[in-house]
Amino acid sequence: MDGLRKMARYGFVFSCNPRRLYGTKADLRKLRPMILKRIENRAQCYPVRSMIPVANKVLQDRNVLIHGVSILLNFLPLMACKFCPEIYIGEQGHLIQTCRGYKHRAKNRVHEWIKGGLNDILVPVESFHLNNMFQSVIRHNERFDFDRIPAVVELCWQAGADLPDENLNSSSSNFEVASESVPVNENLSPHDLASIAYKTLTAWEALRSGVKRLLLVYPVKVCKYCSEVHVGPSGHKARLCGIFAYESWKGPHFWVKANVDDLVPPKIVWRRRPHDPPVLVNEGKNFYGHAPAVLDLCSKAGAVVPKKYNYMMKLQGLSGPSNTRIFGITTEPNF
């Protein structure tokens, strides 16, 4: 304390809020050429050479995943709700009342199930295809001048992946179009089906791992209020957020940093365990397990589920509420 008093005596001033104060006399018009120069110099550092093999591997895993899921859907049934994004892998849908429906439809109702497809289990996430990574921001009146391609393909293209020009077409990169070229073999044995399921599950895990590594190097933005994704250092200015009536925000997107779930959605579904009833009912929704849709599909085809998903699937959990009567007193299990 004596030292501080001596320093204060000689004119040293201490601040309880150590904030830097910036002057407002800087002319931004003079700084603009310097900022543009730094952006041009930054563009010379991309693509990062060490990440090019990762981008090529991600594209390979994506093709293996589409091929494997397309084959498995020919042998395993997939049900999709008519009014919401809920899906279920099984002969018939469950009876859990979680349908969100449309705006004028009552909430928490039983789903109305129809036959699902590849886009229901592998959710397509598209973004604008840029001419280069550090091009000017896309404005609202320029939104039709750029193609829309899968966000993972755009990320790999910016990362320097060897991608033919025809694969950058939005129609050729669609899941449904890609699955039409997959030959159907109806004579697959259970062993062959399990082998395909194992390769598919491995490709799905490798795809998410590779995208996660690319996101550490390349910037990707996602809207805070909707699922729009933009691959690049800054988001576009197309006013597409809240284009649907049920969305709360209308106007430009509010961009935040994206993660792997934004580019490769896991699509969590209810998973029926061996001791669960044949049809999952609403009374046991707090006891049933969950799993990513691709994992549930591959496990039912014979693939071994990684242990890191055991907490989601609740393998040893009860199938529903159970009451035990001891000495005339009804007790319930404590979880």
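Which of rounded, prolate or oblate describes segment 37-118 when judged by the alpha-carbon gyration tensor and an a/c cut-off of 1.5?
Working: a/c = 5.41, a/b = 1.91, b/c = 2.83.
Here segment 37-118 falls in the oblate category.
Note on E205 and S189: their simple-model spin labels are 2.5 nm apart, each label 7 Å out from Cα toward Cβ.
Near D61, within a Cβ-to-Cβ distance under 11 Å, what is the net charge of the other residues, with Lys and Arg +1 and Asp and Glu -1?
Combined, the nearby Lys, Arg, Asp and Glu give +3.
Each residue of segment 74-84 was assigned a 3J(HN,Hα) from its phi angle through the Karplus expression (A = 6.51, B = -1.76, C = 1.60, θ = phi - 60°), giving 7, 10, 10, x, 10, 10, 10, 6, 6, 10, 8 Hz with x at Gly and Pro.
3J(HN,Hα) along segment 55-71: 5, 5, 5, 5, 5, 5, 5, 5, 5, 5, 5, 5, 4, x, 5, 4, 6 Hz, from the Karplus curve 6.51 cos²θ - 1.76 cosθ + 1.60 with θ = phi - 60°, whole Hz, x for Gly and Pro.
Going by accessible surface with a 1.4 Å probe and the largest first, W255, W204 read W255, W204. Highest mean first, the peptides 59-66, 139-146, 294-301, 85-92 sorted by other C-beta atoms within 10 Å per residue fall in the order 294-301, 59-66, 85-92, 139-146.
A simple rule links phi to the HN-Hα coupling: the Karplus curve 6.51 cos²θ - 1.76 cosθ + 1.60 with θ = phi - 60°, which for segment 155-161 gives 5, 5, 5, 5, 7, x, 5 Hz, with x for Gly and Pro.
The values are calculated or read from the model by the stated rules, or taken from the named source; none is laboratory data. Just so it is clear, the structure is predicted and the values come from calculations on it, not from any experiment. Neighbour counts run over all protein chains shown; Cβ positions are idealised from the backbone, glycine included. The protein model used for the area step is the full one, side chains on, heavy atoms only, and it has no ligands, DNA or RNA in it. Shrake-Rupley method; radii C 1.70, N 1.55, O 1.52, S 1.80 Å.
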